[in-house]
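Read the structure below first, then the notes.
The values are calculated or read from the model by the stated rules, or taken from the named source; none is laboratory data. Nothing here was measured: the structure is a model prediction, and the numbers come from that model. Positions of Cβ are backbone-derived with ideal geometry, glycine not excepted, and every protein chain shown enters the neighbour counts. Ligands, DNA and RNA are excluded from the accessible area calculation, which covers all protein heavy atoms including side chains. Shrake-Rupley method; radii C 1.70, N 1.55, O 1.52, S 1.80 Å.
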Amino acid sequence: MKILAIDSSGLVASVAVTEDDNLIAEYTTNYKKTHSQTLLPMLDEVKKMIELDLNTIDAIAVSAGPGSFTGLRIGSATAKGLGLALNKPLIGVPTVDALAMNLYGTDQIICPLMDARRSQVYTGIYRFVQESGNEAAAPASLPDAAQAQAFGEVSYSLKVREPQCVVPIEEIAERLNQLPEDVGVIFLGDGVPVFRSRLAELMRRPYSFAPALCNRQRASAVAVLAAGYAKEGKMVSADAFVPEYLRPSQAERERSEARKLAGAQAGDAMMRKGTFSKEKKAIPEESGG
């Protein structure tokens, strides 16, 4: 299955093309330009470099959120436009799940952190679990070939311990501290530099930070998860795809607060008017007495 994947959910912009288990191309940038300036040129460059006929792709995968509202809208609009033009289905992949996928095979707890502002993070808790293979160690006395056969092939799947959410950094740290496993935590994502010093105060179990090669969004991780979703039939038409923001945007919050304030002011005005009218009616009755 050939998948074109897009991730513009955070500071990073990333485009990838995978076919089955092969990564054919990936273009990732983490720079101060906006995704509206970079995403389509990156896609065009990938298309040229691998001589990609867009009609040959089977599906378009996109980071579905949470993340930057503007970034998600740009990625969503790009994916929907391509899907409509090419008549290809879309596969939405949770942003935080895709970040966790970067650390495939680790036996540690994985905790992606994306800065959600206002001292909050988009986050979740994940672990990889062994799906197949012989878990028992082969006896050391066996020849190398026999040892290899005894061990067998091992594969891992990503298990969601806590689904992606938006919470204060203190809350996710406490959830991690309370986990029963006697293993460390690996943090990754653009929230790490923001909350690194705070984590040092909060964490009561061993932890580490993912290195530069795997600590930010990658479209290839989106594509890998999307391939699994496709096998499960988790695809939608381009016009039906909707990003998952997890919380209202700042503009929506401000509009809601403005409406509440306007409603409260209108209610106060009506109360004052009603009281004033009663007082006006009461004055003649008192003077007439």
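Couplings 3J(HN,Hα) for region 203-217, derived from phi with the Karplus relation 6.51 cos²θ - 1.76 cosθ + 1.60 (θ = phi - 60°), are 6, 10, 9, x, 8, 8, 10, 5, x, 4, 5, 9, 9, 9, 4 Hz, where x marks Gly and Pro. Couplings 3J(HN,Hα) of region 29-40, computed from phi: 10, 9, 9, 7, 6, 7, 5, 5, 8, 9, 5, 5 Hz, in residue order, whole Hz [Karplus 6.51 cos²θ - 1.76 cosθ + 1.60, θ = phi - 60°; x for Gly and Pro]. Of interest is the spacing of the C-alpha centroids, which for region 168-245 and region 50-117 amounts to 14 Å.
Around the amide H of Gly184, modelled in the peptide plane, lie the amide H atoms of Ile109, all under 5 Å away and 5 or more residues distant in sequence or on another chain. The 3J(HN,Hα) values that the Karplus relation (6.51, -1.76, 1.60; θ = phi - 60°) gives for region 57-71 are, in residue order, 6, 9, 7, 10, 9, 9, 5, 8, x, x, x, 4, 4, 5, x Hz. Gly and Pro appear as x.
Amide H to amide H, with H built 1.01 Å from N, Phe209 comes under 5 Å of Phe187, counting only residues 5 or more places away or on other chains.
For Glu45 and Asn87, what does the FRET efficiency come to when R0 = 35 Å and r is the distance between their Cβ atoms, rounded to the nearest 0.05? My answer for the efficiency is 0.90. Annotation note: trypsin sites (Lys or Arg not before Pro) in region 151-212 located in DSSP loop regions with a Cβ neighbour count of at most 12 within 10 Å are Arg204. To the nearest 10, the accessible area of Glu45 is 80 Å² with a 1.4 Å probe. Here the spin labels are modelled as points 7 Å beyond Cα on the Cα-Cβ line, and at Leu213 and Leu23 they lie 1.0 nm apart.
Enumerate by residue number the trypsin sites (Lys or Arg not before Pro) in region 16-73 meeting two conditions: DSSP loop (anything except H, G, I, E, B), and at most 13 other Cβ atoms within 10 Å of the site's Cβ. Taking region 16-73 and a limit of 13 other Cβ atoms within 10 Å, the loop trypsin sites (Lys or Arg not before Pro) found are Lys32, Lys33. Exposure check, 1.4 Å probe, all protein chains in place: Leu246 carries approximately 70 Å² of accessible surface.
Within 12 Å, Cβ to Cβ, of Ile172, how many net charges do the neighbouring residues add up to if Lys/Arg are +1 and Asp/Glu are -1?
-1
Residues whose amide H lies under 5 Å from that of Ile125, counting only those 5 or more places away or on a different chain, are Arg161, Glu162; hydrogens are built 1.01 Å from N in the peptide plane.
Lys and Arg at +1, Asp and Glu at -1: add these up for the other residues within a Cβ distance under 14 Å of Ala210 and post the number.
Working: positive: Arg196, Arg216, Arg218; negative: Asp190.
Local net charge: +2.
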